[in-house]
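What follows is a single structure, written as structure tokens, with notes after it.
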Amino acid sequence: MMLENSFWIKEWKLLKRRGALAFFTIGVLLFLLPFATVMTIVRSDQVCRASEYNEVMTKLMRVYEVNQVLGIEHLWPVMIIGLAVIIGIRSFAWLFSAEKVDFYESQPETRKERYWLFYINGIVMFVVPFIVLYAISIGLAFLMDGLTKSVLAAIIFEALRIFGVYFATYSLSVASVMLTGNAIFALCGVGFFLCVEMVFSFLYSMFAGTFFATYIWSSSISKKIILSPLYGYINEFACLEVNKNIYFGDNYMRPKAMILETIRELLPETVVFFAIGIIVMFIALYLYQKRQAETAGSTVIHKPVRIVSRLIVSWLGALGCMLVFMLWMMDRSVAGTGMMICMCVIAAIIAIVLSGIVESLFEADIKKFFKDYWVTAAAIVLSCVYIFVFGLDLIGFDSYIPKASAVKDAVLINDGNEDMTYTDENGLSDQMEKQAYIEKYMHITDVEAMQKIAEAGQSHMRETFHSDSDESTGWYSELIWNMKDGRKIHRQLYIPYDIDENVMDQVVGSDGYCRAYFPIFNDGYFEKNKKRYNIFYSNGADVTETDGEKYTEFADAYRKDVEENYDFTLACDEYPVGEINIGGKDNWGLIESYTVYKGYKNTIAFLNKNNMWLDPIDEVTDVTKLTISGYIDDVGEYRDVDFEDPDEIKEILKNTVMSAYNSEWKKASDYDYDFSVEVETDKRKPDGCMTAAGLFFRNGDVPQDILARLIDKGQLVETSGDEIVY
Amino acid sequence: MIRTENLVKTFDGVKAVNDITITLKDGEIFGLTGTNGAGKTTLLRILAGVLRQDSGAVIIDDEPVFDNRKVKEKLFFVPSDLYFFPNSSPKDMEEYYATEYKNFNKERFEKLVEDFGLGMKRRIQTYSKGMKRQLAIIIGLSAGTKYLFLDETFDGLDPVMRQAVKSLIAENMSDYGLTPVIASHNLREIEDLCDHVGLLHEGGILLSEDVYDMKSEIRKLQCVFPTDEEQRKAEKILSVLNCKAEGRLRTYTVRGTEENIQESLKEIETVYAEILPLTLEEIFISETEAAGYDVRKLILD
């Protein structure tokens, strides 16, 4: 008898009674785990056979696929969330029926004992098949040669994370049952818990992006602590996608360091899932112990919960409708006061309707539409306050500059120039996104200078935010304050062209800036693979080359030149004399570009030593032909014209400068991009060379007769849209 | 012993149980009856520990009931709306209850199930309403508890089954010391079975007495008076609950023992007077009419 009454015997009997749900759970996991593992490996092998991949590549693909199914990158935690909701609600759904309440509550058990019996049953129902099927899947992956140690680590971590997602969602579902009286409202409750944070965040991002000039959209998916397992999973996935190159690059390699890095990134959120699960588990127990049995069949059983949920739903609904209205308007005039008042009227109407509908549903009586109208009034007031706080920036978002004492360091990322290739020094990947790389490696410690730049940039951003002008008057940049308390504060800046150059020099010329901006300070990847590359030098007309084995020597020289010379004044005011490019031997692709300035003595010495040096374009004398292409407004077409007269060529070259794609601090107005210059000399260009350099005229320095020549003698140039087809 | 002290339970502003204080002694059958919505089921659910009272106390064997495992091991509740596990058979329910109730008597249960022709392995969902009720009662009688709470027990049972159930209850009382508490509209059954009756009306207890005492303390008196004056005198002296007139014949429901009434009659001149016993139904109607629940008014209006 004692044995029959034991907790685990009761658990087993309860599990047997809930056999249908248990079988459903097993079925879902069977499909997601071992079945999916086998199917993806088989499919991968078929694709590899059809593509005639070798054994190494085939194994690589298998490992990649196994990681997709069982490891960190998979998509099916959403299904686990669904499973947790179903099991969580089903476990305690008897509370919704008066007959079942009479049945269970009259049994000789305390509520606490009954709670743990049902709660743990829902955990066991998932965990046991989950562990078994995960182990089987790992075994199958191993037997089918689709596993490496690092991917195994990822899989084990992911299993833990999946359980965390399940645990948190399951607890929230149980808590939702405790707060409600029927299954539909319980489902709505879980949906509320899982989504409300995401909805708040989304609405905040949309409002901030519309009203705050300095708001950056990508900051909305930055890493932060999130309570909802659904939102947490989605946000982690979005972050992994956005920063995919940090971890996985463009190929299928999944090396150990990369996996460990990802695990470190995901660990805090995983801990949060477990914390949520535990805390809510006890809250749900408390709610059950306080629950009145007669609430079976009602809607939301606690009046404060009704009030709060009604308020939040009507408030968010009003904000959502205002958002739709803003998107429909689709221009910056939405920020005007008149428009804000109009939005408040819309919000009021929506709040009244939603609030009334929610109350009617709670009471199951349409006549209760206007009951507790003060809740509706509160929703209206909140919506209006929200719109005016954003519209008038009452929280000072656009003018916020943190105190220096609270800042650890800062990051400044210019929006221009995407041509440099960033790789991690550990060789985690071929390439990283510029944004992610600089954010990781830049540490500007001159906070005072950054504050001045922030003030100027934010002010200019505010002034131009509502302007329709196309004219460029500054540099768009992103500023990230890394605070001492761990927070990251992002702001969009529009640094004006007339900013104090000395302040910019302090930042742009600093070690903290240069070491992150120039990937040459973190070039372990290139060092390791230099045999695969050639080094090219171009002055815009010709190209010279040397073997990539010289990379170390070049890199040392260039780093020294950057440390000694590079600052804002150089980058802004000077035009380069040439450009060094790193290109692949096998595929002739351009991998990296480095601008060379007149003052880069070490780099120029390297070039001279290796017979690579070429005179700057305005000093070149062996041009055989020069072609100018330009857009003629009067006739509305692109034309080009050739010059072969040496004197004319010399005159034209005096005003010709090399583009500085790698200089993010050049003004858009420094070049006249309506005209481009192509130069031919009698020097042979190396096979497979490429250069990012182009030749243009300085703005305002286009020779007067060029236009006349183009109109008079110019040949029509084939274009595709606004682009010349070469 | 079961005791309630100033028990109150409110649903949405309506007092379903209004300040009830009663005592149920061990070894007696307590019958709970009353008008519709009187609070019988609510009271029973509170006694069974299903509902938590808003105020007051429910004490069973000197311990509060709600959320008390030790007390609940002593009681079994058979509600009016029954629940069995989906696709289950009596065998499955036996397995379940054997884990919940330490003293569950499997042999007795199986014997009763067979005796009632229910079939141990037959799916309960194929049973009629009456058969389900029989099964629920059998489970309750086999649970081996000290108290058995039965809500609307005899609904759906045919007369033969009713007799069988009554016999079983009596047998359990004598053999196992069971104390049943039965809530029912069926006053005939309560009158036959119960030792003590509680009459509920609008959440409150109108009376709670031994059946014998109740019947002996309220009588029907049929009289014919020679004059109106004698009639008025009689109505003053006697504790009249209600009165029906058919010509000169007056039929009174009078509170008091036969002896007391006869004593009172000595002071009054009557042409004809006869003291008759009341059925429980007549007592019920009289008491509730006195409390303002007039059935005739409902019919006529």
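What the table below lists for this structure:
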| read-out | value |
| --- | --- |
| The range B:1-84 - Rg and Dmax from Cα coordinates, angstrom | 12.5, 36 |
| Paired Rg and Dmax values of the range B:56-129, which use every Cα atom, in angstrom | 15.0, 44 |
| For residues of A:109-117, the mean tally of beta carbons on other chains within 10 Å | 2 |
| Orientation-averaged projected area, Cα convex hull of chain B (nm²) | 18.5 nm² |
| Expected-Rg normalisation [2.2 N^0.38 Å, Cα atoms] applied to the range B:109-163 | 1.10 |
| On Cα atoms only, tilt of B:228-237 relative to the major axis of chain B in degrees | 40 degrees |
| Geometric extent, Cα atoms of the protein assembly as shown - Rg, Dmax (angstrom) | 43.9, 155 |
| Exposure proxy order (Cβ contacts within 10 Å, fewest to most) of A:441, A:204 | A:204, A:441 |
| Gyration tensor (Cα) of the range A:6-89, equivalent ellipsoid semi-axes in angstrom | 37, 13, 10 |
| Relative packing of peptides B:184-192, A:401-409, B:234-242 - highest average C-beta neighbours within 10 Å first | B:184-192, B:234-242, A:401-409 |
| Per-residue mean of C-beta atoms belonging to partner chains within 10 Å, peptide A:503-515 | 0 |
| Ascending count of other beta-carbon atoms within 10 Å, so fewest first, for B:176, A:231 | B:176, A:231 |
| Sparse-neighbourhood loop sites, trypsin sites (Lys or Arg not before Pro) in the range A:446-513 - DSSP loop, at most 14 other Cβ within 10 angstrom | A:484, A:487 |
| Whole-Hz ³J(HN,Hα) from phi, Karplus 6.51 cos²θ - 1.76 cosθ + 1.60, for the range B:92-98, glycine and proline x | 5, 5, 4, 4, 5, 5, 5 |
| Where only C-alpha atoms are counted, convex hull volume of the range A:71-117 per residue in Å³ | 74 Å³ |
| The range A:603-683: Lys pairs at Cα distance under 27 angstrom, eight or more positions apart or on different chains | 10 |
| Percent of alpha-carbon pairs separated by more than 24 Å within the range B:11-147 | 38 percent |
| Cross-link table B:233/B:266; B:70/B:132; B:70/B:102; B:102/B:146; B:72/B:166, entries beyond 18 Å C-alpha to C-alpha | B:70/B:132; B:72/B:166 |
| Within 10 Å of each Cβ in B:38-46, the average number of Cβ atoms from other chains | 1 |
| Least to most buried among A:217, A:475, A:374 (fewest other Cβ within 10 Å first) | A:374, A:217, A:475 |
| Using θ = phi - 60° and Karplus 6.51 cos²θ - 1.76 cosθ + 1.60, couplings along the range A:300-312 (whole Hz; Gly, Pro as x) | 9, 8, 9, 4, x, 5, 4, 4, 5, 5, 5, 4, 5 |
| Proximal lysines to residue A:367, defined as alpha-carbon separation beneath 26 angstrom and excluding residues fewer than eight positions away on the same chain | A:303, B:15 |
| Virtual spin-label span in nm between residue B:121 and residue B:245, 7 Å along Cα→Cβ | 7.2 nm |
| Segment residue A:260-residue A:31, length gained on full extension (0.36 nm per residue, minus Cα span) | 79.7 nm |
| CD proxy at 222 nm, helix term only [per DSSP H run n ≥ 4: -39500 (n - 2.57); per residue of chain B; nearest 500] | -11000 deg cm²/dmol |
| Computed E for residue B:158/residue B:88 - FRET, C-beta separation, R0 25 angstrom, nearest 0.05 | 0.55 |
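Every number here is computed from the coordinates shown, using simple stated rules; none is lab data. Owing to the predicted nature of the structure, the values given are computational and were not obtained by experimental measurement. Quick reminder, even Gly has a Cβ in these numbers, built from the backbone with ideal geometry, and neighbours come from all protein chains shown.
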